[in-house]
Amino acid sequence: MWIIAGLGNPGKKYMYTWHNMGYLTADILAQRNGIFFDKDKFEGIYGKGRIGGEDVIIIKPTTFMNNSGECLSLISRFYKVEPANIIVIYDDIDIGRGTVRVRLKGSAGTHNGMRSCLQCLGTENFPRVRIGTGPVPEHFNLIDYVLSEVPDDERTMIGDAMEKACISIEEMVTNGKKG
């Protein structure tokens, strides 16, 4: 079994912000694979299904971003899923907008949500899919930028990146790539 976690902040206020790339990508991935977010437990909303013949859970933590790891720790312990079978999707201001990067393990970098995941899982040996949202424009500070809505003229580019991220995740699950 795989757990695929899309990081973001709950609530309509944050729905289309740069910091919600993980949530939005999880929504697309679920839709592509006929999975519905019909369960509310483990400090997240999630759905179960299959991707490429493999059992998966797609979850969106309902804690705020900086506490995302709590959700992953709870659900992975309950379902006895090793960190190598947990894929985390999140925004990354350290890579260019619209770029998708897949890593099988690594540090949290500057991302507090990932820092929480590393702390709560007790390892950095799990795959992650990063969607580039950087760099921060000069007239923004970091927090205001990541919590701002993606401008209309960049939504197609970001949508394409989220689709690429979904394809990467489907390939990882189907081909058994682990951290």
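So here's what we get for this one:
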item	result
Among the listed pairs LYS48/LYS177; LYS13/LYS178; LYS13/LYS105; LYS80/LYS178; LYS12/LYS178; LYS41/LYS80, those beyond 26 Å (Cα-Cα)	LYS13/LYS178; LYS13/LYS105; LYS12/LYS178
222 nm mean residue ellipticity, helices alone, for the chain (DSSP H n ≥ 4; -39,500 (n - 2.57); rounded to 500)	-10500 deg cm²/dmol
Between segment 76-119 and segment 1-66, the Cα center-to-center distance that results, in Å	14 Å
Compactness index (Cα Rg / 2.2 N^0.38 Å), segment 125-179	1.44
20 °C / 1.002 mPa s Stokes-Einstein diffusion coefficient of the chain, Kirkwood radius on C-alpha pairs, µm²/s	136 µm²/s
The chain, dipole about Cα centre (Lys/Arg Cβ +1, Asp/Glu Cβ -1), debye to the nearest 20	620 debye
Where the Cα pairs of segment 47-101 fall when distances are cut into 10 Å bins, in %	18, 46, 31, 6
Sparse-neighbourhood loop sites, trypsin sites (Lys or Arg not before Pro) in segment 32-84 - DSSP loop, at most 14 other Cβ within 10 angstrom	LYS80
19 Å tail of the calculated P(r), segment 47-141, as % of Cα pairs	44 percent
Surface share of carbon and sulfur [accessible, 1.4 angstrom probe, percent] for segment 9-168	50 percent
Rg(Cα) / (2.2 N^0.38 Å) computed for segment 17-78, rounded to two decimals	1.09
Rounded accessible area per residue of the chain, 1.4 Å, Å²	47 Å²
Relative contact order of segment 13-121, pairs being alpha-carbon contacts under 8 Å that are 6 or more residues apart, as %	26 percent
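The values are calculated or read from the model by the stated rules, or taken from the named source; none is laboratory data. Since this is a predicted model, take the numbers as computed values, not measurements. Glycine also receives a Cβ, built like all others from the backbone with ideal geometry; neighbour counts cover every protein chain displayed. Ligands, DNA and RNA are stripped out before the accessible areas are found, and what is left, the full protein with its side chains, is counted by its heavy atoms. Shrake-Rupley method; radii C 1.70, N 1.55, O 1.52, S 1.80 Å.
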